[in-house]
Structures are given as structure tokens and as C-alpha cells.
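The values are calculated or read from the model by the stated rules, or taken from the named source; none is laboratory data. None of the values given here were measured: they were computed from a predicted structure. In this analysis, Cβ positions are derived from the backbone assuming ideal geometry, glycine residues included, and neighbour counts consider all displayed protein chains. Protein only, heavy atoms only, side chains kept; ligands, DNA and RNA dropped before computing areas. Shrake-Rupley method; radii C 1.70, N 1.55, O 1.52, S 1.80 Å.
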Amino acid sequence: GVMSHKTILQIPTTMRAFAIDRFGEPGTLRTLPTPAIGADEILVRVHAAGINPLDEKIRDGFKAIGDVRFPFILGQDAAGVVARTGPNVTRFVVGSAVYGAFWLAGTFAEYVRVPTMRVAVAHKPATFDFAQAAALPTPAFVAEEVRAGTNSATGSPRFAITTSSPSCTDLISC
């Protein structure tokens, strides 16, 4: 990968991460190399990671995920602070609080490499703490698919998705 464009602090060469060596095993916490980033990527210092049923399916060998290299770090959803940016990154700066669904990026780790052009990453809403923001991405996408997924030709039912947060009326953009 490309060397960092900007860095927030001294980033260690290794990190702690929860990974598997083959599908179907429970996984272990271990020390792995901190990811290098490319020109269009950011390195996020993970403050919180969301756990979803999808993570279990991937751990057990869900075949639709594509090519996987082991050890494979589990986790899709996270929130944290940008620690490093690639030279082509303009949407985020070092120190930005971010969250998102980082498909197959490995969020059960101290750091995660995020390709800003291919995943859902956004600035963390100020009204959410890191744990709340990390819990939101995949469930919000699923809720939006249910909300918008009505097929008028088949008469599929419509669902109303609501939230109790006074500052958040749309699960995707709040």
C-alpha cells in the first residue's frame, strides 16, 4: 500500500484483533500487523464495533462474501477516529470521528483500513456516542431495505420504521 498522507499520532506496527484461521472456528484475540492504507483509504482507530448476525454467518463460512485470506479479522460495523489518510482522500481529515458499514474490512480490531470509495463511511453524528454509532450501520441498512423494498407488483407489505430518538427521524441520515 501507499504510505500515509497524514497521520494523527504514532501508529503501532501491530494491533490486537479478533480473527479466524478457517471458517467455522470460534476465533481468537491475537496480535496482527496494523493495516497499511492505499491512496483512497483511511485508517480508523476503532472506538466501538457493532456485532450483527451477519458476522456469525461470515465466521461460519457464508459463501457470498468473496475471496477471503486468513487470518481473517471479523466485523463489519464500527465507529472511531481517522488516524491516517491516503493522499487522494478529501472527504475526511485526520481526527474526524467516523462510522459505517465497512464490508469485510475487519472491525473487531484496534485499527481498520477503510476504502472510502467502496464502503459506507460517514462522519459520526455528534448526537451519538461511538457505541451508538457502531451499532447503527447494518441494522439501519436492513431497516431501509425493508422500508423501501415494497414490490407493488406482488403486493408485498409495507413496514413503518420509527425511532425514539428526538434528534433522529431518518435511520439512514441521522
| said: Using the basic label-point model (7 angstrom from Cα toward the beta carbon), what is the Phe70 to Glu145 distance in nanometres? | reply: 2.7
| query | On the accessible surface of region 1-150, probed at 1.4 Å, how many percent belong to carbon and sulfur atoms? | reply | 57
| task | Take every Cα pair under 8 Å in region 26-123 that's 6+ residues apart, average their separations, divide by the length, and report that relative contact order as a whole percent. | result | 37
| task | Work out from phi, with θ = phi - 60° and the Karplus expression 6.51 cos²θ - 1.76 cosθ + 1.60, the ³J(HN,Hα) of each residue of region 17-25, listed in order in whole Hz, and give x for Gly and Pro. | result | 8, 9, 9, 10, 9, 7, 5, x, 8
| Charge tally in the Cβ shell below 9 Å around Leu43, where Lys, Arg are +1 and Asp, Glu are -1, Leu43 excluded | +2
| field | Extension gain (nm, one decimal) between Trp103 and Leu29, 0.36 nm per residue minus Cα-Cα | value | 24.6 nm
